[in-house]
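Q: Structure provided below as structure tokens; questions to follow.
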Amino acid sequence: MGTTRYETWGSPLSAQELAVAGVRLGEPRYDGDDLYWTEGRPAEQGRVALMRERAGTVAEAAPGLSVRTRVHEYGGGAWAARDGVVVVSSDPSGQLLRVDGPEPVALSPAQRGWRFADLRVLPRLGLVLAVREDHSAPGEPVNTLVALRLTGPNDDGGTVLAAGADFYACPELSEGGHLAWMQWRHPAMPWDSCLIVTGRLDPQRLTVADSVVVAGGPRESAVHPLWRGEDLLFCSDRSGFSELYVRPSGGDMVQLTRLNADLTEPFWVFGRRPLALTGNGDVVIRPRIDGRSRPMLLHGTGGGGCGFGAHSHARECLPLTAEIVDCDSLDASGDRIVLLAELEDVPTQIVELAPGRRRVVRSAAPRVLHPEWVSHAEAVSWPGQAGEVHGWFYAPTRPLSVEPSPPPVEPPPPLVELVETPPHEPPPVEPSSVETPPHEPSPALPPLIVVSHGGPTAFSSSGFDLGVQFWTTRGFAVLDVNYSGSSGYGRDYVERLRGQWGVLDVSDCVAGALFLAETGRVDGSRLAIRGGSAGGYTTLRALTTSDAFAAGCSRYGIGDLAALAVDTHKFESRYLDGLLGPWPESSALYAERSPINHVDALSCPMLILQGADDKVVPPNQAETMARAVAAKGLEVELIVFEGEGHGFRRADTIERALEAELAFYERVLMG
């Protein structure tokens, strides 16, 4: 790679190109021979388009509409199609519309404070099922499971089928009229404790009788019900991992997989399906093994379970492709399987698998980097306070020529392209400041950006990410940390963070950065940390409890935990009970763990990026933190983006935020 200093590298990828490089793909799903998916479009102010492929032609199924829901603020599941009937949630009104005719037909009133998600269209019964979140009255919104008539107008917002729990999801109706759904209550999050309930639906009276809990409990998360005839499939983490189970009609529960791997992701958004049924009843799954999630087909209907080695019995788990390193949103029709796929060297794709072929239906973006510029994820692990910690390391990468020149940009691909036991409680860990041994600057080693993902109950995958390549093509190394509390490594790994948020996540990020510096991979004097939302909190906390980092960037991060406890949305309003302790009983701990109260320990510059319309982490958090840092006389820059919420969707915002962050690092780390 020559002797060029890392920070002087030119990059073929500009902030503007990244901002408009592609779309956010989601929720691929069949309706007979038709295939649907969503596209979030930064270049159209973040509008979410619903696309349909029919007889080889691709077009919008709801032209001009933004198909999005704000239920739980994170949304998902904003559309459904069956037998040619298509229903969508239109943003920003939240109104349900039927869009398969010449003109949209309203199925609910606009601007009544009702939001709908996780839609299921039932044309034979003339119904659409949905989760309804009612914001029409003061106080906490009320979530219920409702049925609406496909003929409209449903001025009452639909008939309530299930109520009383705090949250509902995944309504699924069997051919025999049995309804299954997920439900959970405060203070649990759905990955802490979640029930699957079934009952018999009367489609005329719109009532549900004989409701019974079939899975889940105080220390068990049962999720994603799916009917195979009258047998109920679902995933449960009762074994310590989220594995596949079946409850046969009139029979006892049977565990179908014994992979010691999670088949599901934390239920942050609606519409992500980790299971699918082929035409012959085989189950498509996506277990996360060694940090990577690849599609597999569960064959066979005999006893025993699917697994490897000593655990393998009558069922077989057949890998479908090795090229995909992460996948989600599975669906099947006959012998066709569709999924949202991540690969190592190209942007996210919607991929269709069928016997003897693999078809790229849609790419999130054209190939914008020559393969020689792409940095591939390297799995790394290091010791942490609570055990081994995992992450992905991306080395700075460029072609071998000393003076890099931008590679040719390939034209956009066609829309259709043919190619081939209960977990133990972790011991308490006292928060402490981490002292870092000094490092001399080394132009022969790259600066490092540590990424702390959001959630914190979430996961960073090894799939191609232009946001990572933006930095590695400029000479930065990147460490994407799956700190204690991340998903994908079993329930015990998630449970590490119980009561330890702001401690273990922080120490894991610091330890990872120091591990790479001590092993000669990066320059220990030029370490930076960045993160958004909960990852922004980890970033702020790391900067105020450790001197490991020379700079930090928080995107809509949490500075004041007490303010968050009393000023956030319903879905996460009790999240901190498990991560810290109940509010206000644990108010002293909230104060101790809040970065805003430890600005005196901050010793490096900070950049804060915030959306003006954020309902999850309100802007006052960023403003208060910035004032406190400025009052100490430290360099701080706060940029608030109008029209943006929790996460940046607009191309101009993405571009401005990246340019500001790059200029910040160049000034602080390279100046």
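The values are calculated or read from the model by the stated rules, or taken from the named source; none is laboratory data. What you see is a predicted model, and the numbers here were worked out from it, not measured in a lab. Every residue, glycine among them, receives a Cβ derived from its backbone with ideal geometry; neighbour counts consider all protein chains shown. Just the protein is used for accessible areas: all its heavy atoms, side chains included, with ligands, DNA and RNA removed. Shrake-Rupley method; radii C 1.70, N 1.55, O 1.52, S 1.80 Å.
Q: What's the carbon and sulfur percent of the chain's accessible surface, probe 1.4 angstrom, rounded to a whole number?
A: The nonpolar share, carbon plus sulfur, comes to 51 percent.
Q: Accessible area per residue for the chain in Å², computed with a 1.4 Å probe and the full protein assembly in place, what is it?
A: Ligands and nucleic acids excluded, the figure is 37 Å² per residue.
Q: Rounded to two decimals, what is Rg over Rh for the chain when you use alpha-carbon atoms and the Kirkwood radius?
A: On the Cα set of the chain, Rg over Rh gives 0.95.
Q: Using θ = phi - 60° and the Karplus curve 6.51 cos²θ - 1.76 cosθ + 1.60, what whole-Hz ³J(HN,Hα) does each residue of the stretch 29-37 get, with Gly and Pro shown as x?
A: After applying 6.51 cos²θ - 1.76 cosθ + 1.60, I find 7, 8, 9, x, 7, 7, 10, 10, 6 Hz.
Q: Which loop trypsin sites (Lys or Arg not before Pro) in the stretch 624-671, with loop taken from DSSP, have no more than 16 other Cβ atoms within 10 angstrom of their Cβ?
A: Here the sparse-neighbourhood loop sites are LYS632.
Q: Quick check: pseudo-label points 7 Å beyond the Cα along Cα→Cβ at ASP335 and SER525, how many nm apart are they?
A: 6.4
Q: Another question about this same structure. If R₀ is 30 angstrom, what is the calculated FRET efficiency for the pair ARG149 and ALA354, using the beta carbon separation as r and rounding to 0.05?
A: 0.25
Q: To continue, here is another question. Determine the gain in length on full extension of the stretch GLN204-ARG219; use 0.36 nm per residue of separation and subtract their C-alpha separation, reporting nm with one decimal.
A: Between GLN204 and ARG219, full extension yields 1.7 nm more.
Q: Right, next: Let me spell out the model: positive unit charges on the Cβ of Lys and Arg, negative unit charges on the Cβ of Asp and Glu, origin at the Cα centre of the chain. What dipole size does that give, in debye rounded to 20?
A: 900
Q: Excluding ligands and nucleic acids, what accessible area in Å² is computed for GLU53 using a 1.4 Å probe, to the nearest 10?
A: 20
Q: Next question, about the same structure. Note the full-extension length gain between ASP613 and GLU518 as 0.36 nm times their separation in residues minus their Cα-Cα distance, in nm to one decimal.
A: 30.0 nm
Q: From the residues PRO109, VAL160, ALA130, which one has its Cα farthest along the dipole of the stretch 97-177 in the positive direction, the dipole being from +1 and -1 charges on Cβ of Lys/Arg and Asp/Glu about the Cα centre?
A: PRO109
Q: Using the Karplus curve 6.51 cos²θ - 1.76 cosθ + 1.60 with θ = phi - 60°, work out ³J(HN,Hα) for each residue of the stretch 90-100 in order, rounded to whole Hz, and write x for Gly and Pro.
A: 9, 9, x, 5, x, 6, 7, 10, 8, 10, 8
Q: Calculate for the chain the 222 nm mean residue ellipticity that helices alone would give, adding -39,500 (n - 2.57) per DSSP H run of length 4 or more and normalising by residue count, nearest 500 deg cm²/dmol.
A: -4000 deg cm²/dmol
Q: Could you work out how far apart the two model spin labels at SER249 and SER211 are, taking each label as a point 7 Å from the Cα in the direction of the beta carbon, and quote it in nm?
A: For SER249 paired with SER211, the spin-label model returns 2.3 nm.
Q: Contour minus end-to-end for GLN16 and ASN260, with contour as 0.36 nm per residue of separation and end-to-end as the Cα-Cα distance?
A: Length difference between fully extended and current span is 83.6 nm.
Q: Give the separation of the Cα centroids, the stretch 218-265 to the stretch 23-74, in Å.
A: 30
Q: Here is a follow-up. Just to be sure I understand: if I project the alpha-carbon convex hull of the stretch 478-622 onto a plane and average over all orientations, what area do I get in nm²?
A: For the stretch 478-622, the mean projected area of the Cα convex hull comes to 8.8 nm².
Q: While we're on this one: Take the alpha-carbon centre of the stretch 156-191, take the same for the stretch 463-524, and report the distance between them in whole Å.
A: The stretch 156-191 and the stretch 463-524 have Cα centres separated by 36 Å.
Q: Could you list the trypsin sites (Lys or Arg not before Pro) in the stretch 207-273 that lie in coil according to DSSP, counting only those with at most 15 other Cβ atoms within 10 Å of their Cβ?
A: ARG219
Q: Now, a different point. For a paramagnetic label modelled at 7 Å from the Cα of GLU592 toward its Cβ, which residues of the stretch 525-553 fall within the zone defined by backbone nitrogen distances under 16 Å?
A: 545
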